[in-house]
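The values are calculated or read from the model by the stated rules, or taken from the named source; none is laboratory data. From a predicted model like this one, the values you see are computed outputs, not experimental measurements. Note that each Cβ is placed from the backbone with ideal geometry, even for glycine, and that neighbours are counted across all protein chains shown. All accessible areas refer to the heavy atoms of the entire protein, side chains included, with ligands and DNA or RNA removed. Shrake-Rupley method; radii C 1.70, N 1.55, O 1.52, S 1.80 Å.
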Amino acid sequence: MGNSKSGAVSKEILEDLKLNTKFSETEIAQWYENFKRQCPTGRITKEEFQSIYSKFFPESDAQTYSQHVFRSFDTNDDGTLDFKEYIIALHMTSTGKTTRKLEWAFSLFDVDKNGYITKSEVREICTAIFKLIPKDELSDLPDDENTAEKRADKLWSFFDKGENDRVAEGEFIQGVLDNDEALRLIQYEPSK
């Protein structure tokens, strides 16, 4: 269809995004204009995504975390995000419904995409999350989560699993829903 060439988001994608995100038609159209201006090819590379994402965390190292976020939303594994994948990423990481957010969080932690999370994957993502925390906020963290390793250990303990066990998606979602502290540990909310 000529729609994608004309600079307007297609009706199909627009309707899908209105159904699956909190964004209005006007907001989606504005996002699309910006997206097309920044990404004339209609696709955003991992490097471009990292550059945009890092602007949300100017006092932190968001590079590692943004790579994992990118991987979790590159649903067709082509190394780029199209507009729809990009908007879903923005929505899920900002204001998605709790269960949907946790499904996304599971895919973020499932680094090898095998349908399970291991303690080493929890450690890898906790390390990336830890890099998002500005240095001046690290001293405010409780003793049992003031390093990435301690944070990973604490999170893993909520799943009641051994060092070499693995957690399925349903267990992950339920474990986080059942514990507010686990929910806090799988993310970083800037204090400012």
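Rundown of residues vs (1) buried (at least 19 other Cβ atoms within 10 Å of the Cβ); (2) closer than 12 Å to residue 46 by Cβ, yes/no style:
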{"position": "62", "(1), (2)": "yes, no"}
{"position": "67", "(1), (2)": "no, yes"}
{"position": "70", "(1), (2)": "yes, yes"}
{"position": "83", "(1), (2)": "yes, no"}
{"position": "88", "(1), (2)": "yes, no"}
{"position": "100", "(1), (2)": "no, no"}
{"position": "103", "(1), (2)": "no, no"}
{"position": "106", "(1), (2)": "yes, no"}
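Meeting the requirement of 1 or more residues that are charged (D, E, K, R) and modelled with pLDDT under 85, the helices (runs of 4 or more DSSP H) wholly within the stretch 1-62 are 3-6.
Going through (1) closer than 17 Å to residue 184 by Cα; (2) open to solvent by 10 Å² or more (accessible area, probe 1.4 Å); (3) modelled with pLDDT of 85 or more one by one, residue 114 falls short only on (1).
Taking residue 127, is it assigned by the TED database to the domain that holds residue 148, surrounded by 18 or more Cβ atoms within 10 Å (Cβ to Cβ) and out of contact with any Ser or Thr (no Cβ under 6 Å at 6 or more places or on another chain)? Steps first, please.
On the way: assigned by the TED database to the domain that holds residue 148: yes; surrounded by 18 or more Cβ atoms within 10 Å (Cβ to Cβ): no; out of contact with any Ser or Thr (no Cβ under 6 Å at 6 or more places or on another chain): yes.
No; evaluated as a whole, the condition is false for this residue.
Every listed requirement among (1) touching a Gly at 6+ places or on another chain (Cβ under 8 Å); (2) open to solvent by 70 Å² or more (accessible area, probe 1.4 Å) is met by residue 158 save one, (2).
Given the criteria in a strand (DSSP E or B), open to solvent by less than 30 Å² (accessible area, probe 1.4 Å), farther than 30 Å from residue 9 by Cα and not assigned by the TED database to the domain that holds residue 57, does residue 173 qualify? Before you say what the answer is, go through the steps one by one.
On the way: in a strand (DSSP E or B): no; open to solvent by less than 30 Å² (accessible area, probe 1.4 Å): yes; farther than 30 Å from residue 9 by Cα: yes; not assigned by the TED database to the domain that holds residue 57: yes.
Criteria not met by residue 173.
Could you go through the stretch 4-23 and let me know if any residue there is exposed (fewer than 14 other Cβ atoms within 10 Å of the Cβ), more than 15 Å from the chain's Cα centre (by Cα) and either within 25 Å of residue 133 (Cα to Cα) or touching a residue at least 60 places away in the same chain (Cβ under 8 Å) (or both). If you could, list the steps in order and put the result at the bottom.
Here is the first cut: in the stretch 4-23, the ones exposed (fewer than 14 other Cβ atoms within 10 Å of the Cβ) are 4-7, 11-12, 15, 19, 22.
Checking the rest, the ones that are also more than 15 Å from the chain's Cα centre (by Cα) come to 4-7, 11-12, 15, 19, 22.
Then drop every residue that is not either within 25 Å of residue 133 (Cα to Cα) or touching a residue at least 60 places away in the same chain (Cβ under 8 Å) (or both), which leaves 22.
Yes, that holds for at least one residue.
Pairs linking a residue in the stretch 56-72 that is over 14 Å from residue 134 (Cα atoms) and free of Cβ contacts under 8 Å to residues at least 40 places away in the same chain to a residue that is of a type outside the set (Gly, Ala, Ser) and assigned to a helix (DSSP H, G or I), with Cβ atoms under 6 Å and 6 or more positions apart or on different chains, are 66/50; 66/53; 70/46; 70/49; 72/108. Yes or no: residue 160 on the phi > 0 side of the Ramachandran plot and either touching an Asp or Glu at 6+ places or on another chain (Cβ under 7 Å) or free of Cβ contacts under 8 Å to residues at least 40 places away in the same chain (or both)? Yes. Listed by first and then second residue, the pairs linking a residue in the stretch 26-53 that is within 16 Å of residue 91 (Cα to Cα) to a residue that is outside any helix (DSSP H, G or I) and of a type in the set (Lys, Arg), with Cβ atoms under 8 Å apart and 6 or more places separating them unless they lie on different chains, form an empty list.
Of all the numbered requirements in (1) in contact with a helix residue (DSSP H, G or I) (Cβ under 7 Å, 6 or more places away or on another chain); (2) open to solvent by less than 80 Å² (accessible area, probe 1.4 Å); (3) not basic (Lys, Arg), residue 31 misses one, and that requirement is (2).
Do we have residue 136 as closer than 21 Å to residue 56 by Cα, of a type in the set (D, E, K, R) and exposed (fewer than 12 other Cβ atoms within 10 Å of the Cβ) here? Considered against the rule, which asks whether it is closer than 21 Å to residue 56 by Cα, of a type in the set (D, E, K, R) and exposed (fewer than 12 other Cβ atoms within 10 Å of the Cβ), residue 136 comes out as yes.
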